[in-house]
Amino acid sequence: MNPLRDEMDNALSGSQSSQASLREVHSINPTQLMARIESYEGRGKKGISDVRRTFCLFVTFDLLFVTLLWIIELNVNGGIENTLEKEVVHYDYHSSYFDIFLLAVFRFKVLILAYAVCRLRHWWAIALTTAVTSAFLLAKVILSKLFSQGAFGYVLPIISFILAWIETWFLDFKVLPQEAEEENRLLIVQDASERAALIPGGLSDGQFYSPPESEAGSDEEAEEKQDSEKPLLDL
């Protein structure tokens with residue numbers, strides 16, 4: 001009788017666990033799912049994520065910082081008007097810093113157009129700006145005479161090079177992966193809401209009816225009663 005009793009106990013526990021799982025499914029609140037979906041869709045309607053906005057701010061900082069250093073260099077080397085005329089009007093590749101400023105403007109325009117206006121989700125634009133910046137700065141450092149013009153001959157090329165690669169790292173390891181993760185979360189939430197909508201609501205505890213558990217000795221008593229009645233029937 002023990003194996004039969006164990007099977008009955010296992011069946012009862014299985015029915016209770018299935019009942020609990022169904023109750024857990026029906027405990028999902030559709031309003032909470034819709035609120036999550038609306039929050040994700042609201043982020044999409046904003047047009048730009050928080051991490052992408054931070055990236056665009058850093059690109060703007062890149063331009064402003066290089067511009068500030070260039071203006072300081074103009075003041076140090078004899079005044080803004082005279083040095084500006086010397087570096088812009090009489091531009092010389094070997095001694096002018098004006099091209100480094102134009103390089104920062106180039107990075108700013110391309111990256112803002114690609115990742116803020118067009119909302120590009122690919123790395124080709126940042127790869128283009130970083131490759132152009134690196135190649136130009138390496139060529140300028142090798143061919144020009146910037147190192148003989150004081151500290152700015154070191155500072156401006158190094159700062160421009162570092163900022164360009166920081167932008168590449170930030171986009172490739174922060175912006176694009178985080179936005180892809182948010183899209184995956186939105187798809188998961190939408191899929192969960194669709195599954196919850198397919199499950200019929202309003203299930204009550206009465207629909208999960210299970211027969212009451214029989215007493216421990218009921219089967220044994222029934223068999224003994226049948227055995228005791230057989231001799232009487234034979235008589």
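The table below gives the values:
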quantity	calculated
Rounded percent of accessible protein surface that carbon and sulfur make up, segment 52-158, 1.4 Å probe	73
Cα-based Kirkwood hydrodynamic radius, segment 46-148, one decimal, Å	15.1
Å² of accessible area per residue within segment 101-147, as computed with a 1.4 Å probe and no ligands counted	55
Heavy-atom accessible area ranking, 1.4 Å probe, most first, across I48, I162, I188	I188, I162, I48
Charge dipole magnitude, Cβ of K and R +1, D and E -1 - segment 58-194, Cα centre, debye nearest 20	340
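The values are calculated or read from the model by the stated rules, or taken from the named source; none is laboratory data. Quick caveat, the model's predicted, so the values are computed rather than measured. In this analysis, Cβ positions are derived from the backbone assuming ideal geometry, glycine residues included, and neighbour counts consider all displayed protein chains. Quick note on the areas: whole protein, heavy atoms, side chains included, nothing else; ligands and nucleic acids left out. Shrake-Rupley method; radii C 1.70, N 1.55, O 1.52, S 1.80 Å.
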